[in-house]
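Student: This is the structure, below, for whatever I ask next.
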Amino acid sequence: MAGDYAVQVVELVKRYGDVAAVDGLSFAVGRGEIFGLLGPNGAGKTTTLEIIEGLQRPDSGRVRVLGLDGAAQGREIKARIGVMLQASSYYEYLSLAEVLSLLGGFYPRRLPPGELLELVGLADKARRRVRQLSGGERQRFALAASLVNDPELVILDEPSAGLDPLSRRELWGLVRRVRERGATVIVTTHYMEEAEESCDRLAIINHGRLLAEGSPRELINRIVSAEGGAAYAVKLVTAGPLTGAQLDVLGRCAIAAPIADGNTCLMRLSSHPAALQDLLDEAGRSGVVLEQLEITPVTLEDVFIELTRG
Ligand code: ATP
């Protein structure tokens with residue numbers, strides 16, 4: 001039933017001239033989820049979000065947002081969602097509290113500036129100007145600004161981009177708090193580790209098409225079991241770039257074709273105890289000088305690379 005979803009995207013198409021930015025995309029976001037929309041640069045994430053937000057019209061297909069029709073009920077939708085764009089600018093001459101008060105004035109339902117600033121840990125900076133904030137504080141303020149109308153759905157386009165690791169952690173903590181308050185969150189990010197940790201479900205897209213949809217664990221398990229239990233991701237750092245012949249030999253020990261870039265080579269190995277030994281033996285025999293070897297469980301990043309390469 002449509003009402004059970006916060007967002008349904010159905011066979012969406014959006015073209016810019018010859019470029020199909022979104023090309024028959026369908027996915028659904030459950031109410032109360034933190035849903036990650038992932039994809040390489042130019043995959044169509046922002047365009048998809050802009051259609052959900054009512055900022056763009058699709059060429060075909062449709063979106064339902066909070067049970068409302070995106071094409072016919074855009075005004076009602078806008079009143080009930082909050083949006084944090086990739087870059088935002090605010091009135092320079094107003095304080096944080098004044099900006100929030102001004103933005104809130106556009107909505108019938110609104111939260112007090114004090115409560116919003118408290119939520120994002122900026123209560124003591126209510127009288128500051130936006131330009132007086134650090135990058136991390138500015139992103140937290142932008143998040144607060146997206147919540148002025150107490151939205152049921154919050155859309156965040158790369159909220160943690162450009163932040164230091166601690167600020168990124170803080171930001172994701174806030175995203176979880178927004179969800180705990182009852183909102184659904186759709187978020188884009190290029191940080192796979194963060195998506196794996198914080199998103200309940202994800203869609204991975206490329207060239208405007210869906211490649212996979214599910215929880216991080218489901219997506220990881222899907223490639224692990226598709227390869228008969230490829231349990232480990234291996235990263236080799238070598239003294240020099242691998243030759244084509246060396247890559248072929250090492251590739252025969254791995255489950256999926258290795259991905260080599262300069263002195264680094266990523267591959268996946270079966271969980272069989274002999275697999276690693278074989279790899280090391282072959283590396284030694286073919287004259288590969290190993291500087292570093294990392295073995296980790298398969299992560300969302302491996303899934304992302306596997307699905308989007310080529
Ligand atoms: P990124 O991760 O880099 O932000 P994205 O996944 O958000 O990328 P989009 O911004 O949706 O991708 O762009 C999808 C495709 O549509 C790209 O090829 C882009 O160049 C193209 N595109 C986006 N907006 C326009 C526009 N206004 N005019 C022409 N082409 C556009």
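The values are calculated or read from the model by the stated rules, or taken from the named source; none is laboratory data. Since the model is a prediction, treat every value here as computed from it, not as a measurement. All Cβ positions, glycine included, derive from the backbone under ideal geometry; neighbour counts span all protein chains shown. Side chains included, ligands, DNA and RNA excluded: accessible areas come from the protein's heavy atoms. Shrake-Rupley method; radii C 1.70, N 1.55, O 1.52, S 1.80 Å.
Student: Could we say that Arg181 is farther than 26 Å from Ala79 by Cβ and of a type in the set (Lys, Arg) here?
Tutor: Numbers: farther than 26 Å from Ala79 by Cβ: no; of a type in the set (Lys, Arg): yes.
No: the conditions fail for Arg181.
Student: A further question on this structure: Could you pull out the residue among Ala275, Ala260, Ala256 that is part of a strand (DSSP E or B), of a type in the set (Gly, Ala, Ser) and surrounded by 12 or more Cβ atoms within 10 Å (Cβ to Cβ)?
Tutor: Working: Ala275 fails: part of a strand (DSSP E or B); Ala256 fails: part of a strand (DSSP E or B).
Result of the check over Ala275, Ala260, Ala256: Ala260.
Student: Val249 versus (1) assigned to a helix (DSSP H, G or I); (2) in contact with a helix residue (DSSP H, G or I) (Cβ under 7 Å, 6 or more places away or on another chain); (3) farther than 17 Å from Asp281 by Cα: which is the lone unmet condition?
Tutor: Among (1) assigned to a helix (DSSP H, G or I); (2) in contact with a helix residue (DSSP H, G or I) (Cβ under 7 Å, 6 or more places away or on another chain); (3) farther than 17 Å from Asp281 by Cα, Val249 violates only (3).
Student: Let me ask you something else. Report whether or not Thr264 is assigned by TED's automatic domain parsing to the domain that holds Val303, without any contact (Cβ under 8 Å) to a residue 60 or more places away in the chain and under 21 Å from Leu307 (Cα atoms).
Tutor: When the stated conditions are applied, Thr264 passes them.
Student: Can you name the residue in segment 75-93 that is in contact (Cβ under 8 Å) with a residue 60 or more places away in the chain and among the β-branched types (Val, Ile, Thr) and is also surrounded by the fewest Cβ atoms within 10 Å (Cβ to Cβ) among such residues?
Tutor: To start, the set of residues in segment 75-93 that are in contact (Cβ under 8 Å) with a residue 60 or more places away in the chain comprises 79-86.
Still in the running and among the β-branched types (Val, Ile, Thr): 81, 83.
On the way: Ile81: 24, Val83: 22.
Per the criteria, the residue is Val83.
Student: Which members of segment 226-246 meet the condition of being of a type in the set (D, E, K, R) and modelled with pLDDT under 85? Step through it out loud before you land on a result.
Tutor: Within segment 226-246, the subset of a type in the set (D, E, K, R) is 227, 235.
Of everything in segment 226-246, just one residue is of a type in the set (D, E, K, R) and modelled with pLDDT under 85, namely Glu227.
Student: If only one of Gly114, Gly136 is assigned by TED's automatic domain parsing to the domain that holds Arg181, small (Gly, Ala, Ser) and more than 15 Å from Leu174 (Cβ to Cβ), which one is it? Spell out how you get there, then give the answer.
Tutor: Details: Gly136 fails: more than 15 Å from Leu174 (Cβ to Cβ).
Result of the check over Gly114, Gly136: Gly114.
Student: Something else now. Taking interchain pairs and intrachain pairs at least six residues apart, which have beta carbon atoms under 8 angstrom, with the first residue in segment 140-169 and on the phi > 0 side of the Ramachandran plot and the second in a loop (DSSP other than H, G, I, E, B)?
Tutor: Listed by first residue and then by second, the contacts come to Asp150/Arg109; Asp150/Arg110; Asp150/Leu111; Glu158/Gln86; Glu158/Thr189; Glu158/His190.
Student: Residue check: is Ala72 more than 15 Å from the ligand (Cβ to nearest atom) and either open to solvent by less than 50 Å² (accessible area, probe 1.4 Å) or touching a residue at least 60 places away in the same chain (Cβ under 8 Å) (or both)? Break it down into steps so the answer makes sense when it comes.
Tutor: On the way: more than 15 Å from the ligand (Cβ to nearest atom): yes; either open to solvent by less than 50 Å² (accessible area, probe 1.4 Å) or touching a residue at least 60 places away in the same chain (Cβ under 8 Å) (or both): no.
So Ala72 fails the test.
Student: For Gly287, indicate whether it is in a loop (DSSP other than H, G, I, E, B) and either open to solvent by 70 Å² or more (accessible area, probe 1.4 Å) or at positive phi (or both).
Tutor: Details: in a loop (DSSP other than H, G, I, E, B): yes; either open to solvent by 70 Å² or more (accessible area, probe 1.4 Å) or at positive phi (or both): yes.
Yes: the conditions hold for Gly287.
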